[in-house]
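Let me begin by presenting the structure, written as structure tokens, before commenting on it.
The values are calculated or read from the model by the stated rules, or taken from the named source; none is laboratory data. Owing to the predicted nature of the structure, the values given are computational and were not obtained by experimental measurement. Virtual Cβ from ideal backbone geometry, glycine too; neighbours counted across all protein chains shown. Side chains are part of the model used for accessible areas, which takes the heavy atoms of the whole protein and leaves out ligands, DNA and RNA. Shrake-Rupley method; radii C 1.70, N 1.55, O 1.52, S 1.80 Å.
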Amino acid sequence: WCGHRHRQSCCCCRRRRSRQKGRLPSAVTDLLHKHESSFEMFDATLSSGKGLRAVVAYKQGDEIMRETAIMRIPNSQPAASREAAEQLHKNAIQRAYNSLHHESQKSVMALASCNEDGTDVARTPQGVYDTNSFRLENDPKGGLFLTIARINHSCRPNVTHFWSPRLQQKLIFAARDIDIGEELLTIYGPGQCMATKGRREYLNERFSFECNCEMCREGNANGGDERMLKIQALQEDIALQSSSGLVSTTDVEGQLASVKKCLALMKEQGLGGGAFTKTIFHHGYDICLAAGDYDGARSYLNSELTAVMDSEGVHSTKAIEIEEALKIFHDTE
């Protein structure tokens, strides 16, 4: 599953004016100012530190923010040994950090470092980057986003993130309706649907905290853990059929039943947002298309389009591709 408007002036113009005034504003302060009517930073909890919360209501699919990375570092470094690669990684982060204005450096170092905070080890740019950066889909470099890094975790998130190669920005969308005053919460992982124990172990190992989100507090009280394991099993079956070309015309009802069951369980678990469901809708489309059920295929494709627009934006490459496919359906009627 894994992650953040329109500007009156570009960032370069603002920076140029700031230099003329003798100071460069903090990158976080600058972005919050641009979005001051939609969200704000606040002190969340002692364990999670700062967070972001909505000051306007959002509908599912609303774009909340978009942000350019303040640091971009290669995901891998060619080297003769692991130790040499790690040193190259550390050096690349330090060079990128050193190139920042001192106000931006302060904003970077104000972020958490999960392997350094609470210890005698001084917080380092590498520790902060490795804790808060994202790998960006189909991009050889990862990125650190100062404001998005302030979004805390929930296993049942109300926002999701998407990397736009066209914009070279990370976009944040509402995964469901969000009320004024609600904290914005994304998901740090894991990438699979796990029961509470497995999720907590992953998050503690990777980010050094024990998750106490709504879903983890519920545990299996309302069947949540069992539901998550059923979702994972269905997703694995669906992914296997899709990747191996096993879409069958002899068991259309059975395969569609798996798709519908998975979608229903995800909705019941509070994971019905577009980022989680779009691939499932696409598999339903593939099944119907292979079976010659063009009405069913069109219906699933429309659902996939809504899910993609909600999680990637109306002008995303994938949304445009689906719209073109729907036009072909319309033209052949």
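A simple spin-label model places the labels of L88 and N115 1.8 nm from each other, with each point 7 Å out along Cα-to-Cβ. Take each peptide in 225-234, 272-281, 73-82, count the other Cβ atoms within 10 Å of every residue, and average; sorted highest first, the result is 272-281, 225-234, 73-82.
With all protein chains present, how much of the accessible area of the stretch 195-330 (probe radius 1.4 Å) comes from carbon and sulfur, to the nearest whole percent?
Values: 3610 of 7050 Å².
Accessible surface attributable to carbon and sulfur in the stretch 195-330 totals 51 percent.
Probing with 1.4 Å while keeping every protein chain in the model, the per residue accessible area of the stretch 150-237 equals 45 Å².
Taking 18 Å as the cut-off, no amide N atom of the stretch 105-143 comes nearer than this to a point 7 Å along the Cα-to-beta-carbon line of A325.
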